[in-house]
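To start, the structure itself, in structure tokens.
The values are calculated or read from the model by the stated rules, or taken from the named source; none is laboratory data. Quick caveat, the model's predicted, so the values are computed rather than measured. Cβ: placed from backbone, ideal geometry, glycine included. Neighbour counts: every protein chain shown.
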């Protein structure tokens with residue numbers, strides 16, 4: 001066994017014991033180890049390798065996959081500004097530059113004294129109260145020049161985060177319009193008590209009859225999923241709640257977990273009763289670290305009230321409990337099979353399908369994976385009755401939908417509507433004016449122009465995971481699409497070549513156009529890239545990466561063409577410019593030392 005200095009063994013042993021020395025808990029062990037030291041120390045890797053009986057290379061590979069896990073010191077204070085487009089619209093870039101100047105540090109680097117590092121992260125899930133950032137994993141909202149100045153002063157004085165003004169960390173729900181879900185007054189246990197008598201088969205039948213469909217955008221029938229999982233052969237069945245809402249512009253799950261956590265856990269327990277599961281997981285995105293302790297308190301209260309644990313509500317054989325698994329900064333883990341890989345302590349790389357999680361999910365056992373909103377809606381559907389629930393919404397989209405509204409509007413926040421609400425009605429309710437475009441369902445979704453504001457949010461027309469980003473007539477839609485393209489390139493897991501290379505090429509092409517070197521050839525290449533990514537990417541990230549560009553091109557082509565040169569083609573690499581250093585070294589700058597136009 002590897003010999004490790006005492007301090008490392010001292011803090012790692014309790015972590016390992018808490019997780020039963022299980023290799024499947026590797027990510028959680030790494031995260032907790034980092035919280036002790038600020039980063040994962042090299043000696044800690046050796047010790048974990050010996051204790052978990054895993055190759056050190058595998059542990060390093062897992063740690064390197066997640067952006068919030070650090071293998072090198074990054075400063076006592078790690079500051080990450082949200083780089084989502086709505087934060088940029090609110091001035092986040094200027095604020096980051098201000099903080100860098102005040103603390104004498106370059107973006108993306110740590111200060112020489114090891115005090116602070118300042119960088120960017122994709123999206124913090126605070127789009128309704130930005131600009132926002134994370135400081136050592138804790139969300140700071142409503143940034144302003146004054147607040148940034150105060151934070152820089154606190155960092156210079158090495159003030160512990162617990163002593164910072166509490167107002168800095170205030171996260172508001174910003175619920176603007178309530179409906180079926182947000183108006184619910186169900187008490188913990190109400191739904192479970194009503195569901196005990198009918199039994200598993202009747203629960204699944206009621207969910208199917210209610211027409212409940214997934215709220216992640218794809219809209220897969222929930223009853224069909226639960227039934228397939230219930231009937232699947234396996235030693236154990238599992239329930240997984242996907243709370244890794246990393247899609248820029250989406251923050252509804254944050255609100256549900258803050259104010260309706262009991263309903264989320266009620267829905268998970270209902271699902272467990274329906275499919276015969278004894279274990280469940282809530283996969284909480286790393287940006288919501290601040291919710292971990294409050295959610296654990298809710299779980300403990302439910303255990304004390306016999307709503308979790310053994311013989312729930314006195315029902316023999318009804319044993320079920322929930323553990324919280326905290327993510328570590330990987331958008332791709334929102335994809336259900338990548339999330340399961342992460343739950344198993346691996347890199348969050350999407351699996352090849354089939355087989356599907358309902359038959360081969362967590363630890364290759366039958367697993368029902370649904371998001372936060374669907375578990376709430378499932379509980380409501382059982383409580384109301386299938387017919388009453390199905391009467392709300394549209395024929396193919398029953399129930400209500402939570403919409404996360406952000407961008408150019410005076411009232412950003414959470415709005416709940418029955419399915420079938422028009423884009424125009426949402427814009428009116430949030431006070432938006434002079435709106436040029438709305439991005440539905442985040443970067444991977446659809447950009448609709450003013451002529452389409454009569455379209456409906458429902459599976460028959462505009463399916464959505466919930467993001468509703470508003471852009472008025474002052475916004476450059478090319479820059480919006482470019483930000484989304486950078487997001488996809490940054491978040492590609494790198495597993496498959498089409499996505500890894502294709503998103504990078506798309507990013508380079510958009511940057512080339514932004515720099516004034518684009519041509520019509522580049523626009524044609526984007527369409528060609530889309531065909532390649534659509535047909536050969538391993539998962540949905542690559543298949544949707546070109547959507548922001550293609551949709552804005554269709555509606556706002558002048559935003560692109562105004563940047564193009566009149567040339568038919570210009571190479572992305574300036575070979576003659578690259579030889580400038582050689583000319584300087586040789587002291588030559590005559591015509592013979594330059595490439596002719598036709599040679600470049």
Working carefully through the options 313, 307, find the one that is assigned to a helix (DSSP H, G or I), more than 30 Å from residue 491 (Cβ to Cβ) and touching a residue at least 12 places away in the same chain (Cβ under 8 Å).
313
Spot the failing condition for residue 360; the list is (1) part of a loop (DSSP other than H, G, I, E, B); (2) closer than 20 Å to residue 191 by Cα, and only one is missed.
(2)
Got a number for residues in segment 555-600 being under 48 Å from the mean Cα position of the chain (by Cα), at pLDDT 80 or above and assigned to a loop (DSSP other than H, G, I, E, B)?
4
Looking at segment 480-512, which of its residues are free of Cβ contacts under 8 Å to residues at least 40 places away in the same chain, over 18 Å from the mean Cα position of the chain (by Cα) and surrounded by fewer than 23 Cβ atoms within 10 Å (Cβ to Cβ)?
482, 497, 500, 501, 504, 505, 507, 511
Could you pull out the residue among 449, 391 that is farther than 25 Å from residue 554 by Cα, surrounded by fewer than 23 Cβ atoms within 10 Å (Cβ to Cβ) and modelled with pLDDT of 95 or more?
391
Any idea which of (1) out of contact with any strand residue (DSSP E or B) (no Cβ under 9 Å at 6 or more places or on another chain); (2) closer than 19 Å to residue 123 by Cα is the one residue 513 doesn't satisfy?
(2)
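Let's see how each residue does on (1) closer than 23 Å to residue 244 by Cα; (2) touching a strand residue (DSSP E or B) at 6+ places or on another chain (Cβ under 6 Å):
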site: 385; (1), (2): no, no
site: 398; (1), (2): no, no
site: 410; (1), (2): no, no
site: 448; (1), (2): no, yes
site: 455; (1), (2): no, no
site: 486; (1), (2): yes, no
Of all residues in segment 350-382, which are surrounded by fewer than 18 Cβ atoms within 10 Å (Cβ to Cβ) and touching a helix residue (DSSP H, G or I) at 6+ places or on another chain (Cβ under 9 Å)?
352, 353, 355, 359, 363
Considering only residues of segment 187-213 that are in a loop (DSSP other than H, G, I, E, B) and at pLDDT 95 or above, which is surrounded by the most Cβ atoms within 10 Å (Cβ to Cβ)?
212
For residue 464, work out the one condition from (1) touching a residue at least 12 places away in the same chain (Cβ under 8 Å); (2) touching a helix residue (DSSP H, G or I) at 6+ places or on another chain (Cβ under 8 Å); (3) not in a strand (DSSP E or B) it doesn't fulfil.
(2)
Going through segment 418-435 in order, the residues found to be touching a residue at least 60 places away in the same chain (Cβ under 8 Å) and over 16 Å from residue 405 (Cβ atoms) are 418
Output yes when any residue across segment 58-67 is more than 23 Å from residue 348 (Cβ to Cβ), surrounded by fewer than 22 Cβ atoms within 10 Å (Cβ to Cβ) and either touching a helix residue (DSSP H, G or I) at 6+ places or on another chain (Cβ under 9 Å) or not assigned by TED's automatic domain parsing to the domain that holds residue 120 (or both), and no when none is.
no
Exactly one condition in (1) in a loop (DSSP other than H, G, I, E, B); (2) at negative phi; (3) buried (at least 20 other Cβ atoms within 10 Å of the Cβ) is not met by residue 469; state its number.
(1)
Can you tell me which of 158, 147 is touching a residue at least 60 places away in the same chain (Cβ under 8 Å) and either surrounded by 16 or more Cβ atoms within 10 Å (Cβ to Cβ) or not assigned by TED's automatic domain parsing to the domain that holds residue 257 (or both)?
158
Quick count over segment 506-526, residues being closer than 15 Å to residue 537 by Cβ and out of contact with any helix residue (DSSP H, G or I) (no Cβ under 6 Å at 6 or more places or on another chain), is 0
Considering only residues that are over 28 Å from the mean Cα position of the chain (by Cα) and either in a helix (DSSP H, G or I) or free of Cβ contacts under 8 Å to residues at least 12 places away in the same chain (or both), look in segment 83-116 and name the one that is surrounded by the fewest Cβ atoms within 10 Å (Cβ to Cβ).
112
Going through (1) outside the structural domain of residue 437 (by TED's automatic domain parsing); (2) surrounded by fewer than 19 Cβ atoms within 10 Å (Cβ to Cβ) one by one, residue 539 fails only at (2)
Of the residues that make up segment 283-299, is at least one within 24 Å of residue 232 (Cα to Cα) and modelled with pLDDT under 95?
no
Condition first: under 29 Å from residue 409 (Cα atoms) and either outside any helix (DSSP H, G or I) or not assigned by TED's automatic domain parsing to the domain that holds residue 539 (or both). Now tell me which residues in segment 482-526 satisfy that.
none
Quick check on this structure: which one of 310, 232, 261, 323 is in contact with a helix residue (DSSP H, G or I) (Cβ under 6 Å, 6 or more places away or on another chain), surrounded by fewer than 24 Cβ atoms within 10 Å (Cβ to Cβ) and modelled with pLDDT of 95 or more?
261
Within segment 418-446, residues being surrounded by 21 or more Cβ atoms within 10 Å (Cβ to Cβ) and in a strand (DSSP E or B) number 5
